[in-house]
Amino acid sequence: MIQAYEYNQQNELIRPIEVFERDDEGNYIIPEQCTTIAPPNNPSFYKAAFDVKKQQWYESATQEYIDSLKPALLPPSDIELLKKQNAFLSKQLTQLLAMQKVGASD
């Protein structure tokens, strides 16, 4: 038995398969749309695809697709919200005190 890697019509990796069948000479019969060339583990691909002419795997995922897999930003924590609110209120208080000083000096 040998390991082969099946790919679809767009040459994107579908799954690894085990090949058991042999021809009369003892050679393994590799099914169509398969290769015995393993996709690289490091660096791993988001969407591995096989270049039949070059006999090598390449990254077929677009940057947009890769970015879509990244986790969404978490909403700010309660502490972060309180810090922002405190900074905003401190700024407002400073401005009010400054305005009072200007009014008192007139």
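Read the figures in this text as sums done on the coordinates, not as results from a lab. Just so you know, these numbers come straight off a predicted model, no measurement behind them. We place every Cβ from the backbone using ideal geometry, glycine too, and count neighbours over all the protein chains shown.
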Helix-only CD estimate at 222 nm, as mean residue ellipticity for the chain, using -39500 (n - 2.57) per DSSP H run (n ≥ 4):
-11000 deg cm²/dmol
Ser68 versus Gln33, label points 7 Å from Cα toward the beta carbon: distance in nm?
2.2
With a bin width of 5 angstrom, please list the P(r) values of the chain as percents of all Cα-Cα pairs, from the 0 bin to the one holding the largest distance.
2, 10, 12, 11, 9, 7, 5, 5, 4, 5, 5, 5, 4, 4, 4, 3, 2, 1, 1, 1, 0, 0
Taking Cα pairs under 8 Å and at least six residues apart, what relative contact order does the chain come out at, in percent?
18
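Considering only DSSP states other than H, G, I, E and B, which trypsin sites (Lys or Arg not before Pro) in region 14-106 qualify as loop sites with at most 14 other Cβ atoms within 10 Å?
Numbers: sites: Arg22, Lys47, Lys53, Lys54, Lys83, Lys84, Lys91, Lys101; in loops: Lys47, Lys53, Lys54.
Here the sparse-neighbourhood loop sites are Lys47, Lys53, Lys54.
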Can you tell me which of 64-76, 1-13 comes out highest on packing, and rank the rest after it, using the mean Cβ neighbours within 10 Å?
1-13, 64-76
Angle between the chain longest axis and helix 78-105 axis [Cα atoms, degrees, rounded to 10]
30
Give a residue-ordered list of calculated ³J(HN,Hα) values for region 54-61 (Karplus: 6.51 cos²θ - 1.76 cosθ + 1.60, θ = phi - 60°; whole Hz; x for Gly, Pro).
7, 6, 8, 8, 8, 7, 9, 6
Quick note, region 9-65: a/c under 1.5 would make it rounded; otherwise a/b > b/c is prolate and the rest oblate (a ≥ b ≥ c, C-alpha gyration tensor); here it is prolate
